[in-house]
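Have a look at the structure below, then the notes.
The values are calculated or read from the model by the stated rules, or taken from the named source; none is laboratory data. Just so you know, these numbers come straight off a predicted model, no measurement behind them. Methodologically, a virtual Cβ is constructed for each residue, glycine included, from the backbone with ideal geometry; neighbour enumeration extends over all protein chains shown. The accessibility values were calculated without ligands, DNA or RNA, using every heavy atom of the protein model including side chains. Shrake-Rupley method; radii C 1.70, N 1.55, O 1.52, S 1.80 Å.
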Amino acid sequence: MALVAVDPVDPLDSLQAALAVRAGMPPSAVGVGGAPDHLVDVGDRDRLAAVPPGAPGGGHGPSPLVHVHRIPPRPARTGSLTRPLPPEVAARVGVDSLWSHQAHAIDLARAGRSVVVATGTSSGKSLCYQVPIAEAAAAPVRRGTSLLIFPTKALAHDQLRALSEHDYPGVVAGAYDGDTGTEERAWIRRHATTVLTNPEMLHSGILPHHDRWATFLGRLRYVVVDELHAFRGIFGTHVAHLVRRLRRLANHYGADPTFVCCSATIGQPERLASAVCGVPVEAVADDGSPQGERLVAVWNPPPLDEATGARVSPNGETAGLVAELVRSGQKTIAFCRSRRTTEVVAADVRRRLPSRFRRKVQPYRGGYLAEERRAIEEELFSGRLDGVVATSALELGIDVGGLDAVVVNGFPGTIASFWQQAGRAGRSGRHSAAVLVAGSDQLDQWMAAHPHELVARAPEPVVINPANPFVADAHLRCAAHEKPLTHADERYWPGLLDEVVRRLVLDDQLVVHERGRGRGPRAMYAAGGWPSHGVGLRAGAGGQVALRTVDGEAVGTVELSRACEQAHPGASYLHAGQSWRVVELDLDGRCAVVEPDDGATYTVARTDVDIRVTGCDARRPLGALEVGLGDVEVHQQVTGYQRKDALTGESLGVTPLDLPRSTLTTRAFWYVVPSALLDAAGVDRRDAPGALHAAEHAGIGVLPLFTICDRWDVGGVSTLHQPDVGGPAIVIYDGYQGGAGVAELGFEAAERHVRATAEVIEACSCSAGCPSCVQSPKCGNGNDPLDKAGALALLRAALA
């Protein structure tokens, strides 16, 4: 490919030069040909292979800089409101400078049509709900109220500050959460027009006491669900039922609120918003905000051993990139996956820099004392820092201006997450660069082999499962306690109400009373106590196991159904980037005792798993395969664990355990593999278990390409004989009781899923299988047996 030298006046010149220097290439090599949005593979691999071994990024092999994409600047597009705002509100907003997506979303909300705004980072989404809220609060007659739901208290308080700064007339705002004092709560209930809260407080502190909120709920005009993309899986499923309970009580007091949802850029945002809110929702996703020119690069650490697939550590590559960018004058933030990695990379960056730069690079992660975090934040936001290394789990929640480059250490799991992190740089129309440093697992290496997908691929959809019976039962019990259920409530739980009420009556949770005079029956709560107190919104059925230190300090929680696998004695447990080791597990007391760990090792549970397909909802042919979707029961027993070195992956030994057997009732999709297909692929019966097992691992590894989930959210079983489907099969199941919607999207994307699974195996240069293709870090059988060649032959034959 002919490459075009960078114009010396190009504003991205220094960013491009920094990448080229780190890659051991002349700056003119990092150019683009043709149109400014052309996808470019950087350089000639034969020429790059000749880079001297001593050069940065050099050696005997292709440059680690495998791809650069240049995204042209996007000018702002403004829009006008269909009808004018009240003058006192318009004066605070600046209606002449609304971006097109803001004007569109505000128009929809003011017309009473629920909307989800899914535009890029720093695109002014908050204004899309602030304006309708302000107008409702300023109404001369019957002022409207608004309820804003955020996934965390911190985000609610950030938005409260933003509302206060605008000083909208009539808006009396208050944060109602666990930190709100008793007197302040009473004041907010009596006076606030705008209440900012989180799902837990809405669930246990507002809805069960709705009579205290009668005036507020009776005037409820808008419900805002901010950070909608965070409400996924089981948590999102709980929130969907919570919102239905809210709508039901608002209607009881005479209101029918309009929903305004805000989300990061995700696939099919209206599908998620409608599922969460239970009403039709229109999407506004055409971003009218300005964006500066941006480089997006993919960096794949060079291989160390072609046979094993081992590569240079992405931590060192990340540190080298950050150091070079900082040295060239680019304010840079790097995202890492753990606290320990954050500290290691930050120290390495400082080591590589001249002394005058070292004090200007800091790690930023959870676990610091409040004063330490504030000091780093003050330096960061004032522009005194040139480099920050942060945990990817840490969302700053504040507009960080002045950043030029983002380095992402390991693919964050989804396209949507990558763009959230990449969007930290280049705000306010600045030029910027984002570099993905690929890790060694399947998703990272698939992205390195298909780098154009990082820019061209649509963001993944987010899914929930309101039909999950374990979650539905819990919330219908709460709803009946708040107000007896009747047939009229079918509008909130269509297709679910009768079935759930029947189950709860049989379980003596509800009792049905006939009211006579044609008014129909009503189901009343009969079990006593406050049912909301026993429902954790961020957990599945069966409750949670609390992880605590010896001194009783809370560390985190795990699902009871996953406790034996994730919190067994001796287990390494990672929470918010901090490593812990489990000392003791008490299943009856639902508690595990942990102690700090240095993170130098990790553990993999050894398990015996048996799976039964108990119901099939759908099936269809897929090439030579058959793909199915339905209910399954997973019976699992943890028999021991393997400890491994965190750096090398070397096994340090296996420890036996004697833990009880557990049962998971969930959803799954599966591939039935006819015996004739094994024959056509040339897979011998003795090798078939390894081929199926390898295909299962690779399939789970690439599944997040098609739905926003983590590989730890799902499990898999491959077997030469699955009696419920009648032959060899690969079953991929949702890891939560009742399912969280992942199986349904896997079934929908089955053909693309099989193709991507084959591609990730084929693209890997290792000889017998490695973490980049068919090995899994969580395999309960110790990655044995695995047959990489057999898996690839099987998948090729299936798609032929």
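What to note about this one:
- 19 Å tail of the calculated P(r), segment 378-518, as % of Cα pairs: 67
- Hydrodynamic radius by Kirkwood, which averages 1/r over all alpha carbon pairs of segment 630-694, in angstrom: 15.6
- Spin-label zone in segment 467-497 - amide nitrogen under 13 Å from a point set 7 Å from the Cα of Thr614 along the C-beta vector: 469-470
- Semi-axes of the equivalent ellipsoid of the chain are 42, 37, 25 Å, computed as sqrt(5λ) over the eigenvalues of the C-alpha gyration tensor in descending order.
- Normalised by the number of residues in the chain, the mean separation of alpha-carbon contacts (under 8 Å, six or more apart) gives a relative contact order of 11 percent.
- Two-site label geometry, His252 and Glu377: point separation in nm, points 7 Å out along Cα→Cβ: 3.8
- Ordering of 177-187, 738-748 by packing [mean C-beta count within 10 Å, highest first]: 738-748, 177-187
- Each of Ala162, His203, Leu454 was scored by the projection of its Cα onto the charge dipole of the chain, and the greatest displacement toward the positive side belongs to Ala162; charges sit on the C-beta of Lys, Arg, Asp and Glu.
- 17 Å cut-off, amide nitrogen to a point 7 angstrom out along Asp784 Cα→Cβ, residues in segment 593-610: 604-609
- Peptides 265-272, 507-514, 134-141, 682-689 ranked from most to least packed by the mean count of surrounding Cβ atoms within 10 Å: 265-272, 134-141, 682-689, 507-514.
- Cβ charges +1 (Lys, Arg) and -1 (Asp, Glu), total dipole of segment 732-800, debye: 160
- Each Lys and Arg Cβ is given +1 and each Asp and Glu Cβ -1; about its Cα centre, segment 80-140 then shows a dipole of about 140 debye.
- Reach of Lys125 by Cα under 20 Å, taken over lysines that are not fewer than 8 positions away in the same chain: Lys153
- When the Cα positions of Gly309, Trp299, Ala334 are compared along the charge dipole of segment 288-351, Ala334 comes out farthest toward the positive end, with charges on each C-beta of Lys, Arg, Asp and Glu.
- A 1.4 Å probe run over the protein chains yields, for the chain, 40 Å² of accessible area per residue, whole-number rounding.
- Among Glu553, Glu343, the order of accessible area from largest down is Glu553, Glu343, computed with a 1.4 Å probe on protein heavy atoms.
- Candidate lysines for bridging to Lys360, where Cα separation is under 17 Å - those fewer than 8 sequence places away on the same chain excluded: Lys331
- Considering only beta bridges that DSSP places wholly inside the chain, some 60 percent are antiparallel.
- Rg/Rg_ref, segment 66-176, where Rg_ref = 2.2 N^0.38 Å and atoms are Cα: 1.20
- CD proxy at 222 nm, helix term only [per DSSP H run n ≥ 4: -39500 (n - 2.57); per residue of the chain; nearest 500]: -9500 deg cm²/dmol
- Using the Cα coordinates of segment 557-702, the gyration tensor eigenvalues translate into equivalent-ellipsoid semi-axes of 34, 20, 13 Å, sorted from longest to shortest.
- Rounded to the nearest 20, the Cβ-based charge dipole of the chain about its Cα centre (Lys and Arg +1, Asp and Glu -1) stands at 1840 debye.
- Kirkwood estimate for segment 436-488, i.e. one over the average of 1/r between Cα atoms, Å: 15.3
- Share of carbon and sulfur in the accessible heavy-atom surface of the chain [1.4 Å probe, %]: 50
- Cβ-derived FRET efficiency at R0 41 Å, Arg796 paired with Glu165, nearest 0.05: 0.10
- In this rough spin-label picture, where each label sits 7 Å from Cα along the Cβ direction, the Glu490-Ala768 distance is 6.2 nm.
- Approximate spin-label separation Ala458-Arg77, in nm, with each point projected 7 Å along Cα-to-Cβ: 1.8
- Peptide packing for 704-715, 235-246 was compared via the average number of neighbouring C-beta atoms within 10 Å per residue; ordered from the highest value, the list is 235-246, 704-715.
- Bridgeable aspartates and glutamates around Lys483 (alpha carbons under 13 Å apart, same-chain partners fewer than 8 residues away excluded): Asp211.
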